[in-house]
Structures are given as C-alpha cells and as structure tokens.
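Enquirer: Mind having a look at this structure? Questions to follow.
The values are calculated or read from the model by the stated rules, or taken from the named source; none is laboratory data. In this text the structure is predicted, and so the values were computed from the model without any measurement. For neighbour counting, all protein chains shown are included, and Cβ atoms are generated from backbone atoms with ideal geometry for every residue, glycine included. In case anyone asks, the SASA skips ligands and DNA or RNA and just uses the protein heavy atoms, side chains included. Shrake-Rupley method; radii C 1.70, N 1.55, O 1.52, S 1.80 Å.
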Amino acid sequence: MELLLFDNAEEPHTTRTIDLEARKYRTYHYWHIFVPGIRAGQLYGYRVTGPFAPEHGLRFDPSKVLLDPYGRAVAVPDGYSRQMASQYGENDAIAMKSVVVDPSGYDWEGDAPLRRPIASTIIYEMHVAGFTRHPSCGVGPELRGTYAGMIEKIPYLQDLGIAAVELLPIFQFDQKDGPAGLNNYWGYSPVSFFAPHAGYSSRKDALGPINEFRDLVKALHRAGIEVILDVVYNHTAEGDAAGPTLSFRGLANDVYYILDKDRAHYANYSGTGNTLNANNAIVRRLILDSLRYWVAEMHVDGFRFDLASVLDRDETGRPLETPPVLWDIQTDPVLAGTKLIAEAWDAAGLYQVGSFIGDTWREWNGRYRDDVRRFVKGDRNTVRLLAQRLLGSPDIYGYREREPGQSVNFVTCHDGFTLNDLVSYDDKHNEANGEGNQDGLDENLSWNCGIEGPSGDSEIETLRSRQIKNFLVILLMSVGTPMLQMGDEMRRTQHGNNNAYCQDNDVSWLDWSLLDRHRDLHRFVRTLVGYRRQMMSAGSAETLELSLNELLRHAGFDWHGVRLGKPDWTDDSHSIACTIRSTPLQLQLWLHLMINAYWEALDFDLPPMPPASLTGWRRWIDTARKSPEDITDAPEAPLVHEAHYRVAPRSVAVLFARTAGASR
C-alpha cells in the first residue's frame, strides 16, 4: 500500500509517495498513518499492489490511483477518463483524487435537523442541477445547476407548500458512466459515500462543494423545509468485470462486492453490473459511518434508500430474515429521529413492499402508483384497490401497528414518465438514450388520451389537464405521505422518455417557462397542498401519532356508488364515492369525494346534510371545470342545492360541509 500526495487534480506525478509497511501501518483490517503538516485541501490517493487473480475474487491494479472510501471530498480532473480507469496503465493525471477535509470550521449558526412528523410531511422529489440548469430559471449563469442556484429558488418551494425535498443522489458520482457521448445525469453511480458531488458546486476549489451544500441545507431549514437524500448503497460506479478501477475494486474487491460463484464475475442484483456486499462487517461499518456523517456533519433530515432490498442480501445473495445492516441503521442512536425511506425492491425480483424489516422504515409504495394509474386510465378490476390506496393501503400495512405515513404515496417519480407524459404517451420513446429504445420499462400503465405525444387538439389537451388533476387530487387526499415529482405542477415533459438517466439537457431540466403556460395547474397544486398542510396541522400531537389502524377505526368513512350506500365493487366499475364524516383530527368538516373514471357523466346521490351543518354542501373541487372553478378557496365555494351531483366523464369532484365550531 502506498499513500500518494498531489498538488492538484491534474498532477501527472505524485509530489510525495509514502510506503505503508503493513507491520507498522496496518491494524487488523485498517491501514493508518499520521503525516505531519497535512492541511485541509490536500489531494491524495492510494496505490495498492497485489495479485490480479479474478478467479479468486482479487483485482489489484498497482497502476491505478484509488480514492479513499472514507474521503470527505473528491477532486475530478478536467481530463478524467473512465475508459483509462478500465484498462491497465497509469492514470495519475486523469484520476479522481480524495481531498483532506476539516469539517469543524463551518458556522451552522444554530441550525439543526427539523424533525418534522412524517404525518405533516409533503415530499418534493427533485434533481439539484436540473432544478436550475435551464436558462429560463431566472438564476445567473454562474449559479445555474448548483447548490447555490437552488438556494435562490427556495421561495418557490415555500410558496408551493413543500415540507421536504428529496434530492436525487448528491454523493460524488461518475458522470462518465453513461452511453457513448452522454453523461450520467441522475447520479446513481457513486464513487464516494461521504463527498458531495463537486459538479453541483459553483465553487471551483476542492473544499467548496462541502460548504456550499451545507449552505443549501441551512437555507432550506430556515425556510422550514427538510432535506432527504436519495442514497445509493447497493452498488458503485465500478460496474461489472470490464468496468473501471476507482477505489473499492482495487482495495479489497472480494470484501466490498458480492461475487458470483466463479469469483471472477459480479452478482448483479442492482441491474448496474455489481452489488455492494452490504452485510459484510467492513462494508456495514462504512455505510453506518457514512449515514452518521451526513446527519452529524451535514445536518440532513433523512434518507431514501435506492433499491433498499439489496441491503437485505448476504454475501451469497440470499435474502436474510434479519439483515444486520438494516437493523444497524434502524437502531443507531445518531440516526434516531431521521426519516428512513426504503425503495423496497431490487433489480433481481426481490419485492418487499409491505414486508420491509423493522418498525421505523417507511416505504415507497409501488403498488399505490400502479393501482392509481390503472384506475384513472380506466382499467377493469381497480375500484377495490383504489379504495385501499385512498385509506393508506391497510391491505398492505395494516398487519402491524404502524403510522399512516409508512406508505409513501406517489404517482410519478424520476424513474418513469412525468405526470404530463403519463397522460400523453402510450409507449416509451427513449431513442435519445442510444440504446435502441430497449432501456426503460415497457409497461407504464399510461394513456395518451387519443394521440401519441404533443397535440394541438383542444379537446385532448383539456382531457389531459383533467387527468393530471385527477391524479393529484387522489394523491393529496390519500392517507399516507404524499410525494410529488419536480415540475409535475407545471407539466414538465421528457417527450416520452421514461428512463432519462443520461439526458443532462433540456429533456430533463425544468423549463420554467412552463410555469406561465400552466399557471392554472400550478394554482391547483398549490391550493391542494395548502389544504393538505392545513388538515395535518389541525391535529394534536396525540392524533398525529395514531397508527393507521387506529386512524381508520376512529374515522367515519361511508362508501357509495352513484347511489348512497351502494358502492359498486364489480370488475367493470369505474366509479366510487366516499363520505368522510369525522377524523381524529377533529376538523369539524365533512368531505364527500366522488371519483368518476368512466367515459360518460354520472349523477351521484349526495348524503343528507350533517346534523350540525352550518350551510350545506359546497363545491370545493371539480376537475372538469375550468380554472379558477376547478378548485376554490373555502370562503368562496358555491353551495350545491341539488340532491345529486353530476360528475363529468373522467373527473373528480369534492364537496365539503362545515359543522358547528369549524374554522376557516
């Protein structure tokens, strides 16, 4: 083992090389050395000599500069070459280098994680760079696509009512890990579990990304917005057997990765070429130390674990009943109180939605996404499933006493169609990815409303807008933790690309000119989010701590079809209505929700007035109406005088009635 010191990232040769003799500088698994005079900002790496014997799981390459797995910052030379890192030969001048960091010098000015209850959390999944990289963003060119650029747009998030941002990966990743001629945009290709991605920093010095990211966290906290990181502990950027040697492979390949039986190849439960050996004691400690660092030193509020079911596997790939790394994360005192969200599946068929381990993990509810999509597009045999999703999925989560927010509900996310594209395309259009349109899911549960792609037909555009609003009403009125995707509130499009991981361009960036073109939708979302926040803030601490089962036992739900008390649960039904008579939140408000996914208008009977009603039923939402009548502020909501309400084809209507003591 050699420690290599560099003066700058492009240095063709080390300025100093220190041999680490094992008997002096190694204790058990750990190499260590004290170098007098080293200061923050010093660039360094390692060189390791050992056998290249893939058949034994060993892939040492003494020609490569290796990153420190615990390095707190990474310097990327302008000429970084993933190809050179994938073949034998020295790459000192074009290899990434680790950077010595002193994390103690930053002034947090009293900042601390917010610890907001999950029950009052509304998540906005977003890409740090894509949020402000488009020229229309209103941010100066020097700050576009950076942490600092995002700070300038925080007022927009506040106005929208967002309670937490879920940032696509901001760990340093390999931007060259993409198809020929394209960069990796999403960031699911990590090279470090401690370093913030330098490409998102407006500061060019090696230490700049750390404090700029902290500035972002501090600014979001001041705005009352939590920070959740999308973290990737299931694989690394080193890929398969033909991939680059950047760090882990050259240090201890057989420790860090799950290998196939032949030891020469990698198990691929992540779908990206390799799988991190997360339940190995060394790797487990690395993951825990990384999470602690982001909480203690970077003040983040929570984590969403990409392909979290990979962390359930042992070194042979077999699922474990009690995976050590997941229990370590849940029971770690530094992580206590942070939000832990699992994408409870992997790329090899392990699907654990509803059965992920522990009693603090929340889950991306993939079944919510699929069932709501099927219902809104008009599929058969979906009404019973929709009712379960509206109630927080008790058929999935009701078997144990967990909070309603265990289900993270979403209709769209980064992986798949945007909400606009969900109602504009029947098929994926990923040709720009250079993979012959073979990548991405084939089954999107989408409907183009009659024409594939953009349309100048006003009737089709009206229907698409209505379908988008239908999805949003269902999402924000469902029990659980709602998650919106960046730009869905202004109809961001990826032109039918459902796997835009390598589209670091207009395809993925948020075009802010859409905000002016779709002000009506933005207003609709903003009002819905405001209602959701008002509803959750009305509850006491005790009511917000109720389990899903307790919530459903204490709440008054009456199911109907077009006739009162007669819900149609048959396979060919496309409509459902629900009266919410009471909730543990004591809102003193009755709601009547009518959802019509049928292609003809339906007349729904209305329930009798609440005994203590002050006025009668008022129309709050009708997605078939033009703005501003599609959603109204409560004081202006018009009275409904009839005993029934006509719900237009493929639309949602919500009425409310105030009872004595209700506030505005």
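Enquirer: Listed residues Gly130, Gly149; which is over 29 Å from Met477 (Cα atoms), in contact (Cβ under 8 Å) with a residue 24 or more places away in the chain and either in a helix (DSSP H, G or I) or open to solvent by 40 Å² or more (accessible area, probe 1.4 Å) (or both)?
Expert: On inspection, the qualifying residue turns out to be Gly149.
Enquirer: Scanning for something touching a residue at least 40 places away in the same chain (Cβ under 8 Å), more than 24 Å from Leu340 (Cα to Cα) and within 19 Å of the chain's Cα centre (by Cα), does the stretch 163-181 turn up at least one residue?
Expert: The answer is no; no qualifying residue exists.
Enquirer: Under the condition of being touching a strand residue (DSSP E or B) at 6+ places or on another chain (Cβ under 8 Å) and open to solvent by 20 Å² or more (accessible area, probe 1.4 Å), which residue from the stretch 248-258 is farthest from Asn280 (Cα to Cα)?
Expert: Once the filter is applied, the top-ranked residue is Leu251.
Enquirer: Given (1) out of contact with any helix residue (DSSP H, G or I) (no Cβ under 8 Å at 6 or more places or on another chain); (2) more than 30 Å from Thr272 (Cα to Cα); (3) assigned to a loop (DSSP other than H, G, I, E, B), identify the lone condition not met by Cys449.
Expert: Failed condition: (1).
Enquirer: Output yes when any residue across the stretch 399-407 is among the hydroxyl-bearing types (Ser, Thr, Tyr) and modelled with pLDDT under 95, and no when none is. Write out each step before concluding.
Expert: From the stretch 399-407, those among the hydroxyl-bearing types (Ser, Thr, Tyr) are 399, 407; that's our starting set.
Checking which are modelled with pLDDT under 95 leaves us with 399.
Yes, some residue in the stretch 399-407 is among the hydroxyl-bearing types (Ser, Thr, Tyr) and modelled with pLDDT under 95.
Enquirer: Turning to a different aspect of this structure: Cβ-Cβ distance below 6 Å, separation of 6 or more or different chains: which pairs start in the stretch 42-59 with a residue that is touching a residue at least 12 places away in the same chain (Cβ under 8 Å) and end on one that is of a type in the set (Val, Ile, Thr) and in a strand (DSSP E or B)?
Expert: Filtered contacts from the stretch 42-59: Leu43/Val99.
Enquirer: Criterion first (touching a strand residue (DSSP E or B) at 6+ places or on another chain (Cβ under 8 Å), open to solvent by 20 Å² or more (accessible area, probe 1.4 Å) and among the small types (Gly, Ala, Ser)) does Gly50 satisfy it?
Expert: yes
Enquirer: Does Ser663 meet the test of being surrounded by fewer than 19 Cβ atoms within 10 Å (Cβ to Cβ), at pLDDT below 95 and closer than 30 Å to Arg519 by Cα?
Expert: On the way: surrounded by fewer than 19 Cβ atoms within 10 Å (Cβ to Cβ): yes; at pLDDT below 95: yes; closer than 30 Å to Arg519 by Cα: yes.
For Ser663, the condition - surrounded by fewer than 19 Cβ atoms within 10 Å (Cβ to Cβ), at pLDDT below 95 and closer than 30 Å to Arg519 by Cα - is met.
Enquirer: Next question. Output the residues belonging to the stretch 51-82 that are touching a Pro at 6+ places or on another chain (Cβ under 8 Å) and over 30 Å from Glu212 (Cβ atoms).
Expert: Leu58, Phe60
Enquirer: Cβ-Cβ distance below 7 Å, separation of 6 or more or different chains: which pairs start in the stretch 12-30 with a residue that is in contact (Cβ under 8 Å) with a residue 60 or more places away in the chain and end on one that is surrounded by 11 or more Cβ atoms within 10 Å (Cβ to Cβ) and in a strand (DSSP E or B)?
Expert: Short answer, once both residue conditions are applied: Thr14/Leu4; Thr14/Leu5; Thr14/Phe6.
Enquirer: Among the residues of the stretch 133-143, how many are open to solvent by less than 10 Å² (accessible area, probe 1.4 Å) and either in contact with a Pro (Cβ under 8 Å, 6 or more places away or on another chain) or in a helix (DSSP H, G or I) (or both)?
Expert: Within the stretch 133-143, residues that are open to solvent by less than 10 Å² (accessible area, probe 1.4 Å) and either in contact with a Pro (Cβ under 8 Å, 6 or more places away or on another chain) or in a helix (DSSP H, G or I) (or both) number 1.
Enquirer: Would you be able to tell me the number of residues in the stretch 361-409 that are farther than 24 Å from Thr338 by Cα and polar (S, T, N, Q)?
Expert: Count: 3.
Enquirer: While we're here: How many of the residues in the stretch 425-443 are in contact with a Phe, Trp or Tyr (Cβ under 7 Å, 6 or more places away or on another chain) and either in contact (Cβ under 8 Å) with a residue 40 or more places away in the chain or not in a loop (DSSP other than H, G, I, E, B) (or both)?
Expert: Pass one, the stretch 425-443, residues in contact with a Phe, Trp or Tyr (Cβ under 7 Å, 6 or more places away or on another chain): 425-426.
If we keep only those that are either in contact (Cβ under 8 Å) with a residue 40 or more places away in the chain or not in a loop (DSSP other than H, G, I, E, B) (or both) as well, we get 425.
The number of residues fulfilling the criteria is 1.
Enquirer: Which of the residues that make up the stretch 633-660 are within 33 Å of the chain's Cα centre (by Cα), at pLDDT below 95 and outside any strand (DSSP E or B)?
Expert: Listed by number, the residues that qualify are Asp633, Ala634.
Enquirer: Moving on to the next point. Restricting the first residue to the stretch 186-205 and requiring it to be assigned to a loop (DSSP other than H, G, I, E, B), which pairs with a second residue that is open to solvent by less than 30 Å² (accessible area, probe 1.4 Å) and of a type in the set (Asp, Glu) meet a Cβ separation below 7 Å and a spacing of at least six or different chains?
Expert: Once the first residue is assigned to a loop (DSSP other than H, G, I, E, B) and sits in the stretch 186-205, its partners that are open to solvent by less than 30 Å² (accessible area, probe 1.4 Å) and of a type in the set (Asp, Glu) give Tyr188/Asp306; Ser189/Asp174; Val191/Asp174; Ser201/Glu212; Ser202/Glu212; Arg203/Glu212.
Enquirer: Scan the stretch 33-46 and tell me whether some residue there is of a type in the set (Ser, Thr, Tyr), surrounded by 12 or more Cβ atoms within 10 Å (Cβ to Cβ) and in a loop (DSSP other than H, G, I, E, B). Spell out how you get there, then give the answer.
Expert: Of the stretch 33-46, the ones of a type in the set (Ser, Thr, Tyr) are 44, 46.
Checking which are surrounded by 12 or more Cβ atoms within 10 Å (Cβ to Cβ) leaves us with 44, 46.
Checking which are in a loop (DSSP other than H, G, I, E, B) leaves us with none.
Checked the stretch 33-46: no residue is of a type in the set (Ser, Thr, Tyr), surrounded by 12 or more Cβ atoms within 10 Å (Cβ to Cβ) and in a loop (DSSP other than H, G, I, E, B).
Enquirer: Let me ask another. Checking the condition more than 24 Å from the chain's Cα centre (by Cα) and either open to solvent by 20 Å² or more (accessible area, probe 1.4 Å) or of a type in the set (Phe, Trp, Tyr) (or both), which residue from Pro394, Pro454 passes?
Expert: Selected residue: Pro454, the only one of Pro394, Pro454 that is more than 24 Å from the chain's Cα centre (by Cα) and either open to solvent by 20 Å² or more (accessible area, probe 1.4 Å) or of a type in the set (Phe, Trp, Tyr) (or both).
Enquirer: Does the stretch 106-117 include one or more residues that are open to solvent by less than 20 Å² (accessible area, probe 1.4 Å) and touching a strand residue (DSSP E or B) at 6+ places or on another chain (Cβ under 9 Å)?
Expert: For the stretch 106-117, residues open to solvent by less than 20 Å² (accessible area, probe 1.4 Å) and touching a strand residue (DSSP E or B) at 6+ places or on another chain (Cβ under 9 Å): absent.
Enquirer: Follow-up. Could you please tell me which pairs satisfy a Cβ distance under 8 Å, a separation of 6+ or placement on different chains, a first residue in the stretch 226-249 that is among the basic types (Lys, Arg), and a second residue that is not in a loop (DSSP other than H, G, I, E, B)?
Expert: Arg249/Arg59; Arg249/Tyr256; Arg249/Tyr257
A quick yes/no check of all residues on (1) touching a residue at least 60 places away in the same chain (Cβ under 8 Å); (2) crowded, with 20+ Cβ neighbours inside 10 Å:
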{"residue": "Phe471", "(1), (2)": "yes, yes"}
{"residue": "Met490", "(1), (2)": "no, yes"}
{"residue": "His495", "(1), (2)": "yes, no"}
{"residue": "Leu514", "(1), (2)": "no, yes"}
{"residue": "Asp520", "(1), (2)": "yes, no"}
{"residue": "Leu551", "(1), (2)": "yes, yes"}
{"residue": "Leu564", "(1), (2)": "no, no"}
{"residue": "His574", "(1), (2)": "yes, yes"}
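Enquirer: Taking the stated definitions as given, is Leu528 touching a residue at least 40 places away in the same chain (Cβ under 8 Å) and either in a strand (DSSP E or B) or open to solvent by 30 Å² or more (accessible area, probe 1.4 Å) (or both)?
Expert: Against the criterion (touching a residue at least 40 places away in the same chain (Cβ under 8 Å) and either in a strand (DSSP E or B) or open to solvent by 30 Å² or more (accessible area, probe 1.4 Å) (or both)), Leu528 does not qualify.
Enquirer: So Glu363 clears everything in (1) under 22 Å from Ala195 (Cα atoms); (2) open to solvent by less than 50 Å² (accessible area, probe 1.4 Å) except one condition, right? Which one?
Expert: (1)
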